[in-house]
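Inspection log for the structure reproduced underneath, given as structure tokens.
The values are calculated or read from the model by the stated rules, or taken from the named source; none is laboratory data. If you're wondering where the values come from, they're calculated on a predicted model, not measured in any experiment. Neighbour counts are summed over all protein chains in view; Cβ atoms, including those assigned to glycine, are modelled from backbone coordinates with ideal geometry. Please note that ligands, DNA and RNA were not included when accessible areas were found on the heavy atoms of the full protein model with its side chains. Shrake-Rupley method; radii C 1.70, N 1.55, O 1.52, S 1.80 Å.
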Amino acid sequence: MDLVLLATIAIVVIALAFDYTNGFHDAANAIATSVSTRALTPRAALAMAAVMNLAGAFAGEQVAKTVGKGIIDAPDGNQGLVIVAAALVGAITWNMVTWYFGLPSSSTHALIGGLVGAALAASQTVKWDGVVDKVVIPMIVSPLIGFTLAYLLMVAILWIFRRRNPHKVTRGFRVAQTISAAAMAFGHGLQDAQKTMGLIVMALVVGGYQTDYDVPFWVTVSAALAISAGTYAGGWRIMRTLGRRIIELDPPRGFAAEATAASVLYSTAFVFHAPVSTTHTITSSILGVGATKRLSAVRWGVAGNIVTAWVLTIPAAALVSAGAYALLDVIFL
């Protein structure tokens, strides 16, 4: 085996490891609300989320193409492979740090930050237009849309069911939450598994094993299984933050948050081909439904910690990946 083939195989393995960490890091996104409202037991919710993540991963590849060719211009050969490897190291490191502290940061932006940091360290081209159009603008807009739509949907639910028996309404929305949680998990697979696919395809292209950015079937299957397995492993620390510490959720609010977040994930993937953060989307939706109670019902201190992690994600992952590139450059180039 030559060095390029070995490096490509290693990157595929590391990328699938990232996909696995993405699964358990972001499992809370899909199911924290339905678990906290007791619509589903934790284990049943994780099993459902794992299945829907698997299904969502097969639903498209446009986000994968955005990640593969729309963020950086990686050179062919060993240097390109080292850039991809360094990007993965940066993303995985930030995922582990935020998971340890129970902060729901974005695996998406950790990966984007990793790519940008490694490319800059290697003095390669970063496609800033693509970063702004497909990452920065959606990063700002999608949480605002999630917050606003969730708030409006919750206001509508409160008005429509204002004269109904509260216990019957709660019981009905507990059932409805199983559907909205499944939709959210499908959206997570649709968005996040594709990002790993895009990175693997980038490695195949720079390694000389593929000429276009179409996603091979084996890559789709591997990424789908990895994120599904990671989801079933569960991310309990982050689940507690999303499900309880931001605001005490009831089934109607849980349903409104999940339904809103799922709709944002679908529209950004299918219409705009933008790799948005499932974490940002569901968290802002939870804040939106919480604001319908009263503003003081939302624990804004916890929300502030989360926003801080959001802001730090891209530069922190970029710094780690730049350091990883410097180290790998000494070893392999």
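A few notes on this one:
- The length gained on full extension between residue 175 and residue 152, counted as 0.36 nm times the residue separation minus their Cα-Cα distance, comes to 6.1 nm.
- In terms of packing, defined here as the mean over residues of other Cβ atoms within 10 angstrom, the peptides 271-283, 71-83, 158-170 line up highest first as 271-283, 71-83, 158-170.
- Check: the chain dipole with +1 on Lys, Arg Cβ and -1 on Asp, Glu Cβ, in debye: 2080
- Normalising the Debye intensity of the chain to I(0), with uniform scatterers on Cα atoms only, and taking log10 at q = 0.08, 0.11, 0.13 Å⁻¹ returns -0.34, -0.63, -0.85.
- Based on DSSP H segments of at least four residues, each scored -39500 (n - 2.57), the chain has a per-residue ellipticity at 222 nm of -25000 deg cm²/dmol.
- Residues of type lysines that residue 69 reaches as a straight line, Cα spacing below 24 Å, ignoring anything fewer than 8 places off in the same chain: 127, 134, 195
- With contacts taken as Cα pairs under 8 Å and at least 6 residues apart, region 1-148 reaches a relative contact order of 28 percent.
- Percent accessible area from carbon and sulfur atoms, region 253-293, protein chains only, probe 1.4 Å: 71
- Reachable aspartates and glutamates, given that their alpha-carbon falls under 15 Å from the alpha-carbon of residue 293 and they are not under 8 places away in the same chain: 248, 250
- Solvent-accessible surface of region 1-134, averaged per residue with a 1.4 angstrom probe and all protein chains in place: 35 square angstrom.
- Percent accessible area from carbon and sulfur atoms, region 1-85, protein chains only, probe 1.4 Å: 67
- Area accessible to solvent at residue 184, 1.4 Å probe radius, in Å²: 0
- Two-site FRET efficiency, residue 43 against residue 331, from Cβ-Cβ distance with R₀ of 35 Å, rounded to 0.05: 0.25
- The chain - percent relative contact order, Cα under 8 Å, separation 6 or more: 39
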